[in-house]
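Engineer: Below you will find the structure I want to go over with you.
The values are calculated or read from the model by the stated rules, or taken from the named source; none is laboratory data. Because the structure is a prediction, the values reported are computed rather than measured. Note: ideal-geometry Cβ built from the backbone for every residue, glycine included; neighbour counts use all protein chains shown. Ligands, DNA and RNA are stripped out before the accessible areas are found, and what is left, the full protein with its side chains, is counted by its heavy atoms. Shrake-Rupley method; radii C 1.70, N 1.55, O 1.52, S 1.80 Å.
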Amino acid sequence: MRAATVKALNLAVEGEGNEMFEVIRKIWKTGVVTHKLPLREASQRYRGKLDIQPHKCKNCGACVAACPAGAINVAQKGQGQELSIAYTKCIFCGLCASVCKVQAVQMTNDYHLATKNKNDLIQVVRMPQ
Amino acid sequence: MSEQKDSDLEIKLQQRIKEVLGKSLHIRHVDSGSCNACDFEMNALSNPIYDIQRFGVDFVPSPRHADMLLVTGGVTRHLEEAVRKTYNAAANPKIVLAVGTCACGGGMAGQTYAGNGGVDKILPVAVYIPGCPPRPQALLEGILRALDQYEDRGESNES
Ligand code: SF4
Ligand code: SF4
Ligand code: SF4
(Lines give C-alpha, C1' and ligand atoms only; values in the text may rest on other atoms or scores of the structure.)
(Ligands and ions follow the chains in the order given, each with its own letter.)
Protein backbone atom coordinates (compact mmCIF):
# COMPACT_ATOMS: atom_id res chain seq x y z
CA MET A 1 0.00 0.00 0.00
CA ARG A 2 2.80 2.34 0.88
CA ALA A 3 4.53 1.75 -2.45
CA ALA A 4 1.32 2.68 -4.20
CA THR A 5 1.12 5.93 -2.24
CA VAL A 6 4.68 6.82 -3.16
CA LYS A 7 3.87 6.15 -6.79
CA ALA A 8 0.83 8.39 -6.56
CA LEU A 9 2.93 11.20 -5.09
CA ASN A 10 5.57 10.83 -7.77
CA LEU A 11 2.90 11.02 -10.42
CA ALA A 12 1.42 14.09 -8.78
CA VAL A 13 4.81 15.80 -8.91
CA GLU A 14 5.21 14.89 -12.54
CA GLY A 15 1.79 16.27 -13.21
CA GLU A 16 0.16 13.18 -14.66
CA GLY A 17 -3.14 13.80 -12.92
CA ASN A 18 -5.26 11.10 -14.43
CA GLU A 19 -2.99 8.25 -13.50
CA MET A 20 -2.64 9.65 -10.02
CA PHE A 21 -6.38 9.55 -9.50
CA GLU A 22 -6.37 6.00 -10.80
CA VAL A 23 -3.84 4.96 -8.18
CA ILE A 24 -5.66 6.78 -5.39
CA ARG A 25 -8.90 5.10 -6.39
CA LYS A 26 -7.14 1.77 -6.20
CA ILE A 27 -5.90 2.48 -2.67
CA TRP A 28 -9.38 3.56 -1.66
CA LYS A 29 -10.88 0.33 -2.93
CA THR A 30 -8.32 -1.89 -1.23
CA GLY A 31 -8.99 -0.45 2.21
CA VAL A 32 -7.28 -1.75 5.36
CA VAL A 33 -5.71 -5.16 4.95
CA THR A 34 -4.18 -5.65 8.41
CA HIS A 35 -6.11 -7.79 10.87
CA LYS A 36 -6.51 -7.06 14.53
CA LEU A 37 -4.98 -9.54 16.90
CA PRO A 38 -7.27 -12.56 16.75
CA LEU A 39 -7.45 -13.25 20.44
CA ARG A 40 -10.64 -15.15 19.96
CA GLU A 41 -10.95 -18.93 20.14
CA ALA A 42 -8.51 -21.22 18.43
CA SER A 43 -9.74 -23.24 15.48
CA GLN A 44 -11.64 -26.42 16.25
CA ARG A 45 -8.71 -28.53 15.09
CA TYR A 46 -6.37 -26.91 17.59
CA ARG A 47 -5.18 -29.35 20.24
CA GLY A 48 -5.33 -27.63 23.59
CA LYS A 49 -6.35 -28.56 27.10
CA LEU A 50 -7.67 -32.09 27.59
CA ASP A 51 -11.24 -32.72 28.54
CA ILE A 52 -11.69 -35.82 30.71
CA GLN A 53 -15.05 -37.28 31.52
CA PRO A 54 -14.51 -39.69 34.41
CA HIS A 55 -17.96 -41.28 34.23
CA LYS A 56 -17.17 -42.60 30.76
CA CYS A 57 -13.76 -44.02 31.61
CA LYS A 58 -13.44 -47.82 31.62
CA ASN A 59 -10.07 -47.70 33.35
CA CYS A 60 -8.35 -49.67 30.60
CA GLY A 61 -5.09 -47.76 30.81
CA ALA A 62 -4.72 -47.40 27.05
CA CYS A 63 -4.20 -43.65 27.29
CA VAL A 64 -1.45 -44.06 29.89
CA ALA A 65 0.34 -46.55 27.65
CA ALA A 66 -0.08 -44.41 24.53
CA CYS A 67 1.21 -41.15 25.99
CA PRO A 68 4.70 -40.55 24.57
CA ALA A 69 5.55 -37.99 27.22
CA GLY A 70 4.36 -39.98 30.23
CA ALA A 71 2.04 -37.16 31.15
CA ILE A 72 -0.93 -39.29 32.22
CA ASN A 73 -0.88 -41.17 35.48
CA VAL A 74 -3.38 -43.35 37.23
CA ALA A 75 -3.04 -43.63 40.98
CA GLN A 76 -4.98 -45.49 43.65
CA LYS A 77 -6.49 -43.01 46.09
CA GLY A 78 -8.44 -44.59 48.92
CA GLN A 79 -11.44 -46.39 47.45
CA GLY A 80 -11.30 -44.89 44.00
CA GLN A 81 -8.72 -43.97 41.43
CA GLU A 82 -7.33 -40.69 40.27
CA LEU A 83 -6.26 -39.86 36.77
CA SER A 84 -3.83 -36.98 36.54
CA ILE A 85 -2.48 -35.13 33.55
CA ALA A 86 0.68 -33.08 33.86
CA TYR A 87 0.84 -30.12 31.48
CA THR A 88 4.47 -29.83 32.45
CA LYS A 89 4.97 -32.90 30.27
CA CYS A 90 2.02 -33.09 27.87
CA ILE A 91 2.95 -32.20 24.31
CA PHE A 92 -0.66 -31.99 23.10
CA CYS A 93 -0.19 -34.74 20.54
CA GLY A 94 -3.71 -36.09 20.93
CA LEU A 95 -2.69 -39.76 21.05
CA CYS A 96 -4.55 -40.35 24.31
CA ALA A 97 -7.74 -39.03 22.76
CA SER A 98 -7.32 -41.18 19.67
CA VAL A 99 -6.74 -44.44 21.55
CA CYS A 100 -9.60 -44.00 24.01
CA LYS A 101 -12.41 -46.12 22.64
CA VAL A 102 -15.12 -44.54 24.76
CA GLN A 103 -14.00 -40.93 24.18
CA ALA A 104 -13.44 -40.29 27.87
CA VAL A 105 -10.44 -38.15 26.94
CA GLN A 106 -10.92 -35.50 24.32
CA MET A 107 -8.87 -32.60 23.07
CA THR A 108 -10.42 -29.15 23.32
CA ASN A 109 -9.33 -25.93 21.65
CA ASP A 110 -8.82 -24.20 25.00
CA TYR A 111 -5.35 -22.67 25.13
CA HIS A 112 -5.69 -20.56 28.30
CA LEU A 113 -3.19 -22.51 30.33
CA ALA A 114 -0.73 -19.80 31.39
CA THR A 115 -0.43 -19.70 35.16
CA LYS A 116 1.67 -18.35 38.00
CA ASN A 117 1.24 -21.45 40.11
CA LYS A 118 2.91 -24.61 38.87
CA ASN A 119 0.42 -26.80 40.71
CA ASP A 120 -2.29 -25.55 38.34
CA LEU A 121 -0.53 -27.45 35.60
CA ILE A 122 -1.54 -30.80 37.06
CA GLN A 123 -5.12 -31.66 36.20
CA VAL A 124 -6.55 -34.32 38.50
CA VAL A 125 -9.78 -36.16 37.85
CA ARG A 126 -11.37 -38.56 40.32
CA MET A 127 -12.85 -41.71 38.89
CA PRO A 128 -16.21 -42.72 40.32
CA GLN A 129 -16.48 -46.31 41.54
CA MET B 1 -13.51 -14.34 22.54
CA SER B 2 -15.25 -11.43 20.89
CA GLU B 3 -13.84 -8.32 19.23
CA GLN B 4 -14.91 -6.33 22.26
CA LYS B 5 -12.80 -8.47 24.57
CA ASP B 6 -9.89 -8.16 22.12
CA SER B 7 -9.79 -4.42 22.41
CA ASP B 8 -10.47 -4.56 26.15
CA LEU B 9 -7.38 -6.66 26.58
CA GLU B 10 -5.44 -4.37 24.30
CA ILE B 11 -6.29 -1.35 26.43
CA LYS B 12 -5.70 -3.27 29.65
CA LEU B 13 -2.25 -4.39 28.55
CA GLN B 14 -1.25 -0.92 27.37
CA GLN B 15 -2.40 0.70 30.62
CA ARG B 16 -0.71 -1.90 32.72
CA ILE B 17 2.61 -1.53 30.92
CA LYS B 18 2.46 2.26 31.35
CA GLU B 19 1.59 1.82 35.00
CA VAL B 20 4.38 -0.58 35.93
CA LEU B 21 7.14 0.40 33.59
CA GLY B 22 6.34 3.95 32.66
CA LYS B 23 7.29 3.39 29.06
CA SER B 24 7.40 0.10 27.20
CA LEU B 25 8.17 -3.50 27.99
CA HIS B 26 11.35 -4.93 26.56
CA ILE B 27 11.69 -8.66 26.21
CA ARG B 28 14.79 -10.74 25.73
CA HIS B 29 14.27 -14.20 24.34
CA VAL B 30 16.54 -16.92 25.76
CA ASP B 31 16.78 -20.27 24.02
CA SER B 32 17.88 -22.86 26.55
CA GLY B 33 17.72 -25.87 24.29
CA SER B 34 14.31 -25.77 22.70
CA CYS B 35 13.28 -27.44 19.45
CA ASN B 36 12.63 -23.94 18.01
CA ALA B 37 8.88 -24.29 17.59
CA CYS B 38 8.31 -22.17 20.68
CA ASP B 39 10.75 -19.61 19.31
CA PHE B 40 8.86 -19.38 16.04
CA GLU B 41 5.59 -18.79 17.86
CA MET B 42 7.33 -16.02 19.76
CA ASN B 43 8.55 -14.51 16.51
CA ALA B 44 5.00 -14.58 15.25
CA LEU B 45 4.07 -12.14 18.03
CA SER B 46 5.90 -9.34 16.25
CA ASN B 47 4.51 -10.02 12.78
CA PRO B 48 1.74 -7.79 11.36
CA ILE B 49 -1.00 -10.22 12.35
CA TYR B 50 -0.32 -10.32 16.09
CA ASP B 51 1.59 -7.03 16.08
CA ILE B 52 2.72 -6.97 19.71
CA GLN B 53 4.51 -3.62 19.23
CA ARG B 54 1.20 -1.81 19.38
CA PHE B 55 0.98 -2.69 23.08
CA GLY B 56 4.40 -1.19 23.66
CA VAL B 57 6.17 -4.52 23.83
CA ASP B 58 9.42 -5.08 22.00
CA PHE B 59 12.01 -7.78 21.60
CA VAL B 60 15.54 -6.59 22.29
CA PRO B 61 18.86 -8.15 21.31
CA SER B 62 20.53 -7.80 24.70
CA PRO B 63 19.52 -8.83 28.22
CA ARG B 64 20.97 -5.50 29.42
CA HIS B 65 18.00 -3.78 27.81
CA ALA B 66 15.41 -6.26 28.94
CA ASP B 67 12.72 -6.16 31.63
CA MET B 68 11.53 -9.65 30.95
CA LEU B 69 13.15 -12.90 29.86
CA LEU B 70 11.15 -15.41 27.85
CA VAL B 71 12.95 -18.71 28.26
CA THR B 72 12.20 -21.60 25.92
CA GLY B 73 13.49 -25.13 26.30
CA GLY B 74 14.22 -27.25 29.34
CA VAL B 75 17.69 -25.79 30.12
CA THR B 76 20.21 -28.30 28.84
CA ARG B 77 23.50 -28.84 30.63
CA HIS B 78 25.41 -26.86 28.01
CA LEU B 79 23.10 -23.87 28.09
CA GLU B 80 22.66 -23.73 31.84
CA GLU B 81 25.53 -21.29 32.28
CA ALA B 82 24.28 -19.11 29.44
CA VAL B 83 20.85 -18.94 31.04
CA ARG B 84 22.34 -17.97 34.40
CA LYS B 85 24.54 -15.31 32.83
CA THR B 86 21.65 -13.87 30.86
CA TYR B 87 19.57 -13.64 34.01
CA ASN B 88 22.37 -11.92 35.90
CA ALA B 89 22.90 -9.49 33.04
CA ALA B 90 19.28 -8.33 32.98
CA ALA B 91 18.49 -5.18 34.92
CA ASN B 92 16.28 -5.25 38.02
CA PRO B 93 13.37 -5.68 38.35
CA LYS B 94 13.50 -8.64 36.03
CA ILE B 95 10.92 -11.27 35.44
CA VAL B 96 11.21 -14.74 33.90
CA LEU B 97 8.57 -16.53 31.89
CA ALA B 98 8.80 -20.23 31.09
CA VAL B 99 7.55 -20.66 27.54
CA GLY B 100 6.47 -24.08 26.39
CA THR B 101 6.06 -27.43 28.02
CA CYS B 102 9.84 -28.01 27.95
CA ALA B 103 10.48 -24.86 29.96
CA CYS B 104 7.63 -25.62 32.37
CA GLY B 105 8.74 -29.11 33.33
CA GLY B 106 10.96 -30.78 30.80
CA GLY B 107 8.26 -31.89 28.38
CA MET B 108 9.09 -34.92 26.25
CA ALA B 109 12.67 -35.23 27.46
CA GLY B 110 11.94 -34.59 31.11
CA GLN B 111 14.81 -34.47 33.57
CA THR B 112 17.83 -36.31 32.21
CA TYR B 113 21.62 -36.37 32.51
CA ALA B 114 21.77 -33.67 29.83
CA GLY B 115 18.81 -31.52 30.77
CA ASN B 116 17.54 -29.90 33.93
CA GLY B 117 13.89 -30.46 33.11
CA GLY B 118 12.51 -26.98 33.52
CA VAL B 119 13.60 -23.39 33.89
CA ASP B 120 12.41 -23.21 37.49
CA LYS B 121 15.27 -25.50 38.54
CA ILE B 122 17.67 -22.67 37.64
CA LEU B 123 15.76 -19.38 37.84
CA PRO B 124 12.73 -18.06 39.71
CA VAL B 125 9.89 -18.37 37.20
CA ALA B 126 6.98 -15.97 37.41
CA VAL B 127 4.58 -17.44 34.88
CA TYR B 128 4.40 -20.85 33.25
CA ILE B 129 3.00 -21.01 29.72
CA PRO B 130 2.51 -24.66 28.73
CA GLY B 131 1.84 -25.73 25.17
CA CYS B 132 3.96 -27.45 22.61
CA PRO B 133 4.31 -24.82 21.32
CA PRO B 134 1.93 -22.34 22.99
CA ARG B 135 -0.03 -20.12 20.60
CA PRO B 136 0.99 -16.47 20.36
CA GLN B 137 -2.23 -15.56 22.14
CA ALA B 138 -1.28 -17.81 25.03
CA LEU B 139 2.09 -16.03 25.19
CA LEU B 140 0.34 -12.70 25.31
CA GLU B 141 -1.88 -13.94 28.11
CA GLY B 142 1.20 -15.08 30.00
CA ILE B 143 2.87 -11.70 29.60
CA LEU B 144 -0.24 -10.01 30.95
CA ARG B 145 -0.29 -12.35 33.93
CA ALA B 146 3.36 -11.63 34.62
CA LEU B 147 2.81 -7.86 34.56
CA ASP B 148 0.17 -8.43 37.19
CA GLN B 149 2.80 -9.16 39.79
CA TYR B 150 5.58 -6.99 38.45
CA GLU B 151 5.80 -4.72 41.49
CA ASP B 152 6.14 -7.59 43.96
CA ARG B 153 8.93 -9.10 41.91
CA GLY B 154 10.77 -5.81 41.78
CA GLU B 155 10.96 -5.60 45.56
CA SER B 156 12.10 -9.17 46.04
CA ASN B 157 14.74 -8.84 43.34
CA GLU B 158 16.33 -5.75 44.78
CA SER B 159 16.80 -7.13 48.26
S1 SF4 C 1 -2.02 -35.25 24.37
FE2 SF4 C 1 -0.25 -36.64 24.03
S3 SF4 C 1 1.26 -35.99 25.55
FE4 SF4 C 1 -0.68 -35.05 26.17
S5 SF4 C 1 -1.53 -36.49 27.65
FE6 SF4 C 1 -2.38 -37.04 25.63
S7 SF4 C 1 -0.99 -38.62 24.82
FE8 SF4 C 1 0.08 -37.59 26.52
S1 SF4 D 1 -9.58 -42.45 29.52
FE2 SF4 D 1 -10.09 -43.90 27.89
S3 SF4 D 1 -8.14 -44.87 27.37
FE4 SF4 D 1 -7.82 -43.81 29.31
S5 SF4 D 1 -8.20 -45.39 30.87
FE6 SF4 D 1 -10.16 -44.32 30.56
S7 SF4 D 1 -11.22 -45.52 28.99
FE8 SF4 D 1 -9.07 -46.15 28.93
S1 SF4 E 1 7.61 -27.11 24.38
FE2 SF4 E 1 7.42 -28.28 22.49
S3 SF4 E 1 7.58 -26.74 20.89
FE4 SF4 E 1 8.41 -25.81 22.75
S5 SF4 E 1 10.61 -26.21 22.72
FE6 SF4 E 1 9.64 -27.90 23.84
S7 SF4 E 1 9.28 -29.52 22.32
FE8 SF4 E 1 9.64 -27.60 21.22
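Engineer: In debye to the nearest 20, how big a dipole does the range A:36-114 give about its Cα centre with +1 on each Lys and Arg Cβ and -1 on each Asp and Glu Cβ?
Structural biologist: Computed about the Cα centre, the dipole is about 140 debye.
Engineer: Here is a follow-up. List the lysines whose alpha-carbon lies under 27 Å from that of A:Lys26, not counting same-chain residues fewer than 8 positions away?
Structural biologist: Cα-Cα hits under 27 Å: A:Lys7, A:Lys36.
Engineer: Suppose a student asked you for the relative contact order of the range B:51-112, using Cα pairs under 8 Å spaced at least 6 residues apart; what percent would you report?
Structural biologist: Relative contact order for the range B:51-112 comes out at 39 percent.
Engineer: If you count, for every residue in B:46-57, the Cβ atoms of partner chains within 10 Å of its Cβ, what is the mean?
Structural biologist: Neighbouring Cβ atoms belonging to other protein chains average 2 per residue here.
Engineer: Between chains A and B, what is the buried accessible area in Å², counting both sides, with a 1.4 Å probe and ligands, DNA and RNA left out, to the nearest 100?
Structural biologist: The A and B chains share an interface burying roughly 2800 Å².
Engineer: Measuring from a point 7 Å past the Cα of A:Gln76 along Cα-to-C-beta, which residues in the range A:50-70 have an amide N at less than 18 Å?
Structural biologist: Answer for the range A:50-70: A:59-61.
Engineer: Of B:Lys12/B:Lys85; A:Lys49/A:Lys77; A:Lys49/B:Lys23, which pairs sit farther than 31 Å apart, going by alpha carbon to alpha carbon?
Structural biologist: B:Lys12/B:Lys85; A:Lys49/B:Lys23
Engineer: Between B:His29 and residues 5 or more places away or on another chain, which pairs have amide H atoms under 5 Å apart, with H built 1.01 Å from N, and which residues are they?
Structural biologist: B:Val60, B:Leu70
Engineer: Let me ask something additional. Where the only charges are on Cβ atoms (+1 Lys, Arg; -1 Asp, Glu), what is the dipole of chain B about its Cα centre, to the nearest 20 debye?
Structural biologist: Dipole size: approximately 320 debye.
Engineer: For the range B:51-141, what does the alpha-carbon gyration tensor say about shape, rounded, prolate or oblate, given a ≥ b ≥ c as the root eigenvalues, a/c under 1.5 as rounded, and a/b over b/c as prolate?
Structural biologist: The shape class here is oblate.
Engineer: If you don't mind, another one. What 222 nm value per residue comes from the helices of chain B, counting each DSSP H run with n ≥ 4 as -39,500 (n - 2.57) and dividing by all residues, nearest 500 deg cm²/dmol?
Structural biologist: Calculated at 222 nm, the ellipticity per residue is -12000 deg cm²/dmol.
Engineer: Let me ask something else about it. If you take the beta carbon distance between B:Gln14 and A:Asn119 as r and set R0 to 30 Å, what does 1/(1 + (r/R0)^6) give as a FRET efficiency, to the nearest 0.05?
Structural biologist: Efficiency computed from Cβ-Cβ geometry: 0.45.
Engineer: Hey, another quick one. With θ set to phi - 60°, apply the Karplus curve 6.51 cos²θ - 1.76 cosθ + 1.60 along the range B:56-67 and write out the HN-Hα couplings as whole Hz, x wherever there is a Gly or Pro.
Structural biologist: Each residue of the range B:56-67 in turn: x, 10, 9, 8, 10, x, 9, x, 4, 9, 9, 9 Hz.
Engineer: Please report, in debye to the nearest 20, how large the charge dipole of the range B:31-101 is about its Cα centre when each Lys and Arg carries +1 at its beta carbon and each Asp and Glu carries -1 there.
Structural biologist: 240 debye
Engineer: OK, next. Using the Karplus curve 6.51 cos²θ - 1.76 cosθ + 1.60 with θ = phi - 60°, work out ³J(HN,Hα) for each residue of the range A:77-84 in order, rounded to whole Hz, and write x for Gly and Pro.
Structural biologist: Here the 3J(HN,Hα) series is 10, x, 7, x, 10, 10, 10, 10 Hz.
Engineer: Oh, and also: Collect residues whose amide H, placed 1.01 Å from N in the peptide plane, falls under 5 Å from the amide H of A:Asp51; neighbours closer than 5 in sequence don't count.
Structural biologist: It is A:Gln106, A:Met107, A:Thr108, by chain and number.
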